[in-house]
Amino acid sequence: MKIYLIRHGETDWNHLMRFQGRENVPLNEEGIRQAKACGHALSGCKIQAVYTSPLIRARRTGEIIAACSKLPETSVFELPELIERDMGIYSGKYMKSQAEFFAISASPDSEGMEPFSQVLKRMKQALQIIARSGLESAAAVSHGAAINVLLSDLSGGQAGTGKTKLYNGGITILTGSLEEGFRIAACNLPPDSALLQDIDLQK
C-alpha cells in the first residue's frame, strides 16, 4: 500500500510562528493555495480515499485534495489518531524565533505536552487503520509535530523531530503493509516543487 502523508496548508498562526496544538485554526489564503497545489500534484496518483485529522485546517486540506482527484465527499474520513500533538501550556503562544519554535517542538515531554510515546502510538494506529482499509493508495492529512514524531521513528532518527522542518502542504510517501510495516519512500516534498516531476509516484 502507498500512503501520501501530508501536512495541512498554512494558517495565520503558522505564519506568525504561534503554536497551534489542538486549537482549531482555519487555513489562510496561502494555505488554500498550498492544498490545491498538493491536490494537483497527487491528482494522477489514483488516491482512493483521504483520511484527515478532525481539526479544520487538516479537514479542509483533505477536502481540497479529494476534489482535485475527483473523489466524492464520502471518500474523506476523519481519523482522530491523526490529530496534532497537544502542546500543553505552549498552545497559542508566540515564539521569538524559528530556532525557539523548533527547539520546543522537539521537546519529548515537558510542560504538560503530549509525550512523544503517545503521539507515536496513535500515529502508528492511524497507519494500521488505513492499511486495514484494503486500499492500494490513500492520502492522510495530519500536522507538523505529529508527522515528525512518526518520521523520526520510521527513519531511525535520521528525519523527523529535531531534523525536518515540514512544509505546509508537504508530501511524504510511505509504502508498506499491515504485516510488514511502513517505510519512507520520499520525505517532505514541497507541493509545488519541480522535485515532484522527477519522482514516479505510481511506483
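Just to be sure before I move on: is Gln98 open to solvent by 40 Å² or more (accessible area, probe 1.4 Å), in contact with a strand residue (DSSP E or B) (Cβ under 7 Å, 6 or more places away or on another chain) and at negative phi in the structure I sent?
Values: open to solvent by 40 Å² or more (accessible area, probe 1.4 Å): yes; in contact with a strand residue (DSSP E or B) (Cβ under 7 Å, 6 or more places away or on another chain): no; at negative phi: yes.
No.
Touching a strand residue (DSSP E or B) at 6+ places or on another chain (Cβ under 9 Å) and of a type in the set (Ser, Thr, Tyr), is that true of Ser155?
Spelling it out, Ser155 is indeed touching a strand residue (DSSP E or B) at 6+ places or on another chain (Cβ under 9 Å) and of a type in the set (Ser, Thr, Tyr).
I need a count of the residues in the range 21-43 that are modelled with pLDDT of 95 or more, in a loop (DSSP other than H, G, I, E, B) and among the polar types (S, T, N, Q).
The number of residues fulfilling the criteria is 2.
Taking only pairs six or more apart or across chains, which ones have beta-carbon atoms under 6 Å, a first residue in the range 74-92 that is within 11 Å of Val119 (Cβ to Cβ) and in a helix (DSSP H, G or I), and a second residue that is at pLDDT 95 or above and open to solvent by 30 Å² or more (accessible area, probe 1.4 Å)?
Glu81/Gln125
Looking at the range 125-174 only, could you name the residues that are assigned to a loop (DSSP other than H, G, I, E, B) and of a type in the set (A, V, I, L, M)?
Across the range 125-174, the qualifying residues are Leu135, Ala159, Leu166.
With the requirement that a residue be touching a helix residue (DSSP H, G or I) at 6+ places or on another chain (Cβ under 6 Å), farther than 21 Å from Ala58 by Cα and at pLDDT below 95, what does the range 148-203 give you?
Those that are touching a helix residue (DSSP H, G or I) at 6+ places or on another chain (Cβ under 6 Å), farther than 21 Å from Ala58 by Cα and at pLDDT below 95: Leu178, Leu196.
Any idea which residue in the range 44-63 is farthest from Trp13 (Cα to Cα), counting only those that are open to solvent by 10 Å² or more (accessible area, probe 1.4 Å) and assigned to a helix (DSSP H, G or I)?
My answer is Glu63.
Somewhere in the range 29-43, is a residue within 19 Å of Thr161 (Cβ to Cβ) and open to solvent by less than 40 Å² (accessible area, probe 1.4 Å)?
First, pick out the residues of the range 29-43 that are within 19 Å of Thr161 (Cβ to Cβ): none.
Checked the range 29-43: no residue is within 19 Å of Thr161 (Cβ to Cβ) and open to solvent by less than 40 Å² (accessible area, probe 1.4 Å).
Starting from the range 100-124, take each residue that is modelled with pLDDT of 95 or more and list its partners that are in a helix (DSSP H, G or I) and among the charged types (D, E, K, R), counting only C-beta distances under 7 angstrom and pairs at least six apart or across chains.
If the second residue must be in a helix (DSSP H, G or I) and among the charged types (D, E, K, R), the pairs left are Leu120/Asp153; Arg122/Glu81; Met123/Glu81.
Of the conditions (1) under 20 Å from Tyr167 (Cα atoms); (2) at pLDDT 95 or above; (3) among the small types (Gly, Ala, Ser), Ala49 fails just one. Which one is it?
(1)
Filter the range 79-95 down to residues that are among the acidic types (Asp, Glu) and farther than 23 Å from Glu30 by Cα and give me whichever is least open to solvent (accessible area, probe 1.4 Å).
For the range 79-95, the residue satisfying everything is Glu81.
The values are calculated or read from the model by the stated rules, or taken from the named source; none is laboratory data. Note that the structure is predicted; figures quoted are calculated from it, not measured. Virtual Cβ from ideal backbone geometry, glycine too; neighbours counted across all protein chains shown. These accessible areas exclude ligands, DNA and RNA; they are computed on the full protein's heavy atoms, side chains included. Shrake-Rupley method; radii C 1.70, N 1.55, O 1.52, S 1.80 Å.
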